[in-house]
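To keep things clear, I will list the structure first and then write my remarks on it.
The values are calculated or read from the model by the stated rules, or taken from the named source; none is laboratory data. Only a predicted model underlies this, so the values are computations on that prediction, with no experimental measurement involved. Glycine also receives a Cβ, built like all others from the backbone with ideal geometry; neighbour counts cover every protein chain displayed. Accessible surface is based on the protein model in full, side chains and every heavy atom, while ligands, DNA and RNA are left aside. Shrake-Rupley method; radii C 1.70, N 1.55, O 1.52, S 1.80 Å.
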Amino acid sequence: VTADCGRSHTAVGRSIAFATFVIERTYDATLARAFKAWIDPVAKARWFGAPGEWKQIERSLDFRIGGIERLVGEFPGGRTSAFTARYLDIVPDQRIVYVYDMHLNGTFISSSLATVEFTLAGKGTHLRFTEQAAFVDGYDDNGSRERGTTLLLEQFGRYLRDSIH
Amino acid sequence: MTQRSVTHSTFTIERHYEASPQRVFRAFADPKAKRRWFAEGEGWKVERYELDFKIGGYEGGTFRFGDGPPIRNDTWYQDIVPDQRIICAYAMTIGENRISVSLATTEFKPADTGTLLVYTEQGAFLDGHDNVAQREAGMKELLTMLEKEVGRDS
């Protein structure tokens, strides 16, 4: 438990900042392969995580409606981040909708609704990621969520490219 | 095969209630109170309703309007700050079709002699089964029902 934790429970001024962003990418992979890389725990572990010195502490993925995904990690210097998602809509090879919370050092900073749409683009897959976020209690995202997600989608693309056989 | 589509949309509703934030919050937290204003509307049949009001807790119900198809609500509580804030995610399903998934934030703010309630819904409306105008109208009706609930003697 950190000092941040205590602060979030005693703060008087609660606030929320709502934000929406969309990221679109096209990948040279079939719909089925792109979709599988999002839902298969082994495949997802290859691309879904922070780069560099980040250390994974906990990871689980239960891909079904109502199922939970968790990813907890620690950055150099001891800062921890925890991602907790619940799957709310699944259309195989086409769509995933989930809600996810982020905690930084044990403090709740946001809830988001994330929609991932997969559509055919020639022989490849067009992916459209939409995040509708609520950042709480003065957490200043300042675009970092969108930058982080862009990075993840680059890692996803690299995984698709490197896993062809 | 269903033509898949998603329309993302956000709306906000503000309402003033002549009751304290504690009183208004209680109408969300107490399962009997919530059922009265949220589930039991005129012409609605409640086939199932449950509420486990805690972070990570589930709320759900199956409702029918007249002889219509079953309408299912599945809600999970993401964040709760007593008397101040509730964030939940919910999915609506009619028959076999999931029509929407939303993130809903309710803020309770002390205002003059009562409470300013600010409801913000960030919705994903699915496959053309529903739209934001309908959802906003439905939510306004519910917040009117809430007025009656917080006016009850407790």
Counting only residues in the range B:59-98 that are within 12 Å of the chain's Cα centre (by Cα) and among the aromatic types (Phe, Trp, Tyr), the one nearest to the other protein chains (Cβ to nearest Cβ) is identified as B:TRP76
Among the residues of the range A:43-64, are any under 15 Å from A:ASP101 (Cα atoms) and β-branched (Val, Ile, Thr)? no
*asked:* Take the conditions in contact with a Gly (Cβ under 9 Å, 6 or more places away or on another chain), modelled with pLDDT of 95 or more, of a type in the set (Lys, Arg) and surrounded by fewer than 19 Cβ atoms within 10 Å (Cβ to Cβ) and apply them to A:ARG64. Does it pass?
replied: no
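Before we move on, is A:ASP141 facing chain B (nearest Cβ under 10 Å), touching a residue at least 12 places away in the same chain (Cβ under 8 Å), of a type in the set (D, E, K, R) and more than 20 Å from A:THR26 (Cα to Cα)? Show your work before the answer.
Values: facing chain B (nearest Cβ under 10 Å): no; touching a residue at least 12 places away in the same chain (Cβ under 8 Å): yes; of a type in the set (D, E, K, R): yes; more than 20 Å from A:THR26 (Cα to Cα): yes.
So A:ASP141 fails the test.
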In the range A:52-111, anything of a type in the set (Phe, Trp, Tyr) and in contact with a Phe, Trp or Tyr (Cβ under 8 Å, 6 or more places away or on another chain) is listed as A:TRP54, A:PHE63, A:PHE75, A:PHE83, A:TYR87, A:TYR98, A:TYR100
*Residue check for B:VAL101: within 8 Å of chain A (Cβ to nearest Cβ) and either within 16 Å of A:PHE108 (Cα to Cα) or aromatic (Phe, Trp, Tyr) (or both)*: no
Of the residues in the range B:1-20, those that are within 11 Å of chain A (Cβ to nearest Cβ), surrounded by 18 or more Cβ atoms within 10 Å (Cβ to Cβ) and touching a Gly at 6+ places or on another chain (Cβ under 9 Å) come to B:SER9
So the strands (runs of 3 or more DSSP E) completely within the range A:52-133 holding 2 or more residues that are farther than 13 Å from A:TRP38 by Cα, at the interface with chain B (Cβ under 8 Å from one of its Cβ atoms) and touching a residue at least 12 places away in the same chain (Cβ under 8 Å) are A:80-91, A:95-104, A:107-121
Within the range A:69-90, the residues that are small (Gly, Ala, Ser) and either farther than 30 Å from B:ARG4 by Cβ or modelled with pLDDT under 95 (or both) are A:GLY73, A:GLY77, A:GLY78, A:SER81, A:ALA82
Residues in the range B:106-139 that are farther than 21 Å from B:ALA39 by Cβ and either open to solvent by less than 10 Å² (accessible area, probe 1.4 Å) or at the interface with chain A (Cβ under 10 Å from one of its Cβ atoms) (or both) total 11
